[in-house]
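The values are calculated or read from the model by the stated rules, or taken from the named source; none is laboratory data. Please read these numbers as outputs of a predicted model, since none were measured by experiment. Here the Cβ is made from the backbone with ideal geometry for all residues, glycine too, and neighbour counts use every protein chain on show.
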Amino acid sequence: MKLYVVPTPIGNLQDITFRAIETLKKADVILAEDTRTSRVLLNHYQIDVPLWSYHQHNEHKVVEKLIEEMQSGKTFALISDAGTPAISDPGFLLVRACIKNKIAVECLPGATAFVPALVNSGFPINRFVFEGFLPPKKGRQTMLNKLKTEDRAIVFYESPHRIIKTLAELQNYFEPERLICVCRELSKKFEEVVRGTLAEVQMHFEKNAPRGEFVVVISGCDS
C-alpha cells in the first residue's frame, strides 16, 4: 500500500534514474498523464506494467477509487508526460488524499525542466521564485505587477504560441535592461538557450519561429 511519485525525462530518454526504472517495474499500476506518451518510455525500458490514465480532466473523479485500490494493498507509481508529477502537472490531489488516508507516499528525485533552465541562466539562483504557468487572463496583470519588483530570479513555463506575446508584454512591466534567459526544448536534439534583454530575446524569436516547450528565467530586480 504505497504511492511512488516518479519523475520521467523531459526529453532525452536517458535522463531517468536506475531507481526510477526499478520502481516502475515493481509497481502494480502506473498512473500516466497521457498513456500514449508514457508508453514510449515504458517500452524503451521494457516495463510491462498496467497503465491507467490520470490527468487534469479526470483526477477529481478517480481519486477515491485509487485510494481504495491502494488500501486493498496495491502499489501505484505516478508519472507525468515529462518531469516531476505535481509540478505544473496532475499529482497534488492524489498525494494529499494519500496523506489524509495514511497511505505512504515516496517521491523520487529526478528531472524537472526549471532547474536546468535556472542554472543555464547564469543569474544568482541561491534564491528564486517558481511561478509554473502565468495566469492566461484573470490575475495576469496583478501577477506581473507583483513580479516586477521581485529581487529573486523568476522562472516560469510558457507555450510556443504565447512566448512572443509574453516577451512583448513583459516589457510593459520590467525595465528595458532587465536580463532574461529563455530555454527551449531542454535535453532534446534542438535544445536552445537564448540570453539577453527582453527586447533582444523577443527579436530572436520573431526571426526564428518558436517551437517546442519553453522555460523563461528573468533576473531579479537587483541582480
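One table, with the values for the structure above:
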item: Glu22 being closer than 29 Å to Gly212 by Cα and either hydroxyl-bearing (Ser, Thr, Tyr) or in the same structural domain as Ala86 (by TED's automatic domain parsing) (or both); result: no
item: Single residue of region 97-126 satisfying the filter (under 19 Å from the mean Cα position of the chain (by Cα) and in a loop (DSSP other than H, G, I, E, B)) that is surrounded by the fewest Cβ atoms within 10 Å (Cβ to Cβ); result: Pro109
item: Output for region 83-106, where each listed residue is at positive phi and of a type in the set (Gly, Ala, Ser); result: Gly83, Ala86, Ser88, Gly91
item: Residue selected from region 190-204 under the condition touching a helix residue (DSSP H, G or I) at 6+ places or on another chain (Cβ under 8 Å) and free of Cβ contacts under 8 Å to residues at least 24 places away in the same chain, by the criterion surrounded by the fewest Cβ atoms within 10 Å (Cβ to Cβ); result: Gly196
item: Any hit, region 140-150, residues being in contact (Cβ under 8 Å) with a residue 12 or more places away in the chain, among the aliphatic types (A, V, I, L, M) and farther than 19 Å from Ser88 by Cβ; result: no
item: Unmet requirement for Val155, which otherwise passes all of (1) in contact with a Lys or Arg (Cβ under 9 Å, 6 or more places away or on another chain); (2) under 21 Å from Glu185 (Cα atoms); result: (1)
item: Residues satisfying the stated conditions in region 129-140, i.e. surrounded by fewer than 18 Cβ atoms within 10 Å (Cβ to Cβ) and either over 15 Å from the mean Cα position of the chain (by Cα) or not in a strand (DSSP E or B) (or both); result: Pro135, Pro136, Lys137, Lys138, Gly139, Arg140
item: Top-ranked residue of region 58-96 - restricted to ones that are charged (D, E, K, R) and more than 26 Å from Ile10 (Cβ to Cβ), ranked as surrounded by the most Cβ atoms within 10 Å (Cβ to Cβ); result: Glu69
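For (1) out of contact with any Phe, Trp or Tyr (no Cβ under 8 Å at 6 or more places or on another chain); (2) under 27 Å from Ser159 (Cα atoms); (3) not aliphatic (A, V, I, L, M), each residue gets a yes or a no:
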residue	(1), (2), (3)
Asp28	no, no, yes
Glu33	no, yes, yes
His55	yes, yes, yes
Phe76	no, no, yes
Asp81	yes, yes, yes
